[in-house]
Amino acid sequence: MPQNLCIQENICVCEEAQYRQMGASFTVPRSKSSNATLQAKAPTIVECHTKPQWTARFEASKETNKLLVIDFTATWCGPCRHMEPTIKEFAARFVDVEFVKIDVDELTDVAREYGVEAMPTFILIKNGKVIDKVVGARKEDLQKKIEKHSKY
């Protein structure tokens with residue numbers, strides 16, 4: 001049996017399941033002196049808790065051609081909590097997309113600036129300009145828009 005297949009079949013299922021729930025992807029690095037090991041790449045979602053943090057993140061995103069997805073959320077919001085695993089999955093899958101999480105109760109002025117009236121709201125920005133929006137826990141719509149706007 002090929003070595004790749006054995007390693008993939010013999011990984012620790014409990015650890016793999018835990019990391020996959022967080023949206024992690026896996027790589028199997030090779031070394032001449034040791035057996036292959038499994039490493040998870042945890043999803044990157046930046047949480048902005050202050051206006052200066054958000055401003056710095058937004059200004060930095062203008063300098064790139066990367067898609068920025070802002071997840072406007074609230075701790076008390078059931079649909080927001082329902083979308084958390086999806087956002088982690090997307091952050092792990094779409095590595096060329098930057099994901100930012102903003103709690104509307106912490107940064108109400110930022111939420112107001114983007115016209116957030118319901119949660120969750122996802123604002124897609126490229127080069128400093130809003131290019132799309134998804135309101136509600138609509139996984140398929142968000143995925144399609146991320147795929148569409150991350151390609152160019």
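Structural remarks
- Pick from the range 128-152, criterion assigned to a helix (DSSP H, G or I) and of a type in the set (A, V, I, L, M), ranking: nearest to Thr86 (Cα to Cα): Leu142
- In the range 55-74, residue surrounded by the fewest Cβ atoms within 10 Å (Cβ to Cβ) [restricted to those that are modelled with pLDDT of 95 or more and not in a helix (DSSP H, G or I)]: Ala74
- The range 73-97 residues that are within 17 Å of Ala111 (Cα to Cα), paired with ones that are modelled with pLDDT under 95 and loosely packed, with under 14 Cβ neighbours inside 10 Å (beta carbon under 7 Å, 6 or more apart): none
- Being open to solvent by less than 10 Å² (accessible area, probe 1.4 Å) and either in contact (Cβ under 8 Å) with a residue 12 or more places away in the chain or within 23 Å of Lys62 (Cα to Cα) (or both) is a property that Ala118 lacks.
- Of all residues in the range 111-127, those satisfying the criterion of being under 16 Å from Ala74 (Cβ atoms) and in a strand (DSSP E or B) are Thr121, Phe122, Ile123.
- Qualifying residue in the range 102-110 (condition: in a helix (DSSP H, G or I), more than 24 Å from Lys51 (Cα to Cα) and either among the hydrophobic types (A, V, I, L, M, F, W, C) or open to solvent by 30 Å² or more (accessible area, probe 1.4 Å) (or both)): no
The values are calculated or read from the model by the stated rules, or taken from the named source; none is laboratory data. Just so we're clear, the structure is a prediction, and the values are computed from it rather than from any experiment. Neighbour counts are summed over all protein chains in view; Cβ atoms, including those assigned to glycine, are modelled from backbone coordinates with ideal geometry. When the accessible area is computed, the model is the full protein with side chains, heavy atoms only, and any ligands, DNA or RNA have been set aside. Shrake-Rupley method; radii C 1.70, N 1.55, O 1.52, S 1.80 Å.
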